[in-house]
Amino acid sequence: MPHRTRKQYLPEPMIGFLDYWVERMGPSGPPIRNADFSPNALKPWLGHLALIERGEDGDLRFRLAGTKLLKRFGQELTGKSFRDIDVVVLGDLEKVVMEAIATAAPVVQHVVLADERQKFHDLLAPLANVDGQVNLVILVSYPEPVMPIVAEAPVGRVQSSDLS
């Protein structure tokens, strides 16, 4: 379920990205895509981020997608339109991207993959063009740490012969 960002629920690298985004906010809204955001400064997050652009026709397209997003989406996304990606793979992503664009504010969603084995945190942060219109969103996605399954050991007395 998408919601406004609450930093305490985000993985540490996402907090760093959100802080970077907030520091670059302009007086009238989100950072300007080429003026305020340095591609060099994005290096710590590159594998985990995607640039999603809304075209003039309203179509959403992945302009760039980091390699670590393969775990999240199960396929290479660079250059793909949302129309060309199975809705099961996208989930609510289109709705959340449109919310970030409409509100010009970051949005977070918690995603459970269809196999229910992996969970992700998605942060969608809008960027404006020089005219102040939002038509680009940066998706930053990190998996939740996987908790190991611990088998219960039978309770019993340990004897010295068991330790040799």
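Values quoted throughout were computed directly from the atomic coordinates according to the rules given, and no laboratory measurement underlies them. Note that the structure is predicted; figures quoted are calculated from it, not measured. Note that each Cβ is placed from the backbone with ideal geometry, even for glycine, and that neighbours are counted across all protein chains shown.
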Can you tell which of 89, 44, 26 lies farthest toward the positive end of the dipole of segment 3-145, using +1 and -1 charges on the Cβ of basic and acidic side chains (Lys, Arg; Asp, Glu)?
44
Over segment 3-145, volume per residue of the alpha carbon convex hull, in Å³
105 Å³
Distant-in-sequence amide H partners of residue 144 (H built 1.01 Å from N, under 5 Å)
119, 120, 121
Between residue 53 and residue 144, what is the FRET efficiency for a Förster distance of 41 Å, r being their Cβ-Cβ separation, to the nearest 0.05?
0.90
Check: segment 3-145 dipole with +1 on Lys, Arg Cβ and -1 on Asp, Glu Cβ, in debye:
320 debye
Calculate the FRET efficiency for residue 38 and residue 78 from the Cβ-Cβ distance with a Förster distance of 30 Å, rounded to the nearest 0.05.
0.90
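In the neighborhood of residue 143, defined by Cβ-to-Cβ distances under 15 Å, what is the net charge if each Lys or Arg adds +1 and each Asp or Glu adds -1?
Summing Lys/Arg as +1 and Asp/Glu as -1 gives 0.
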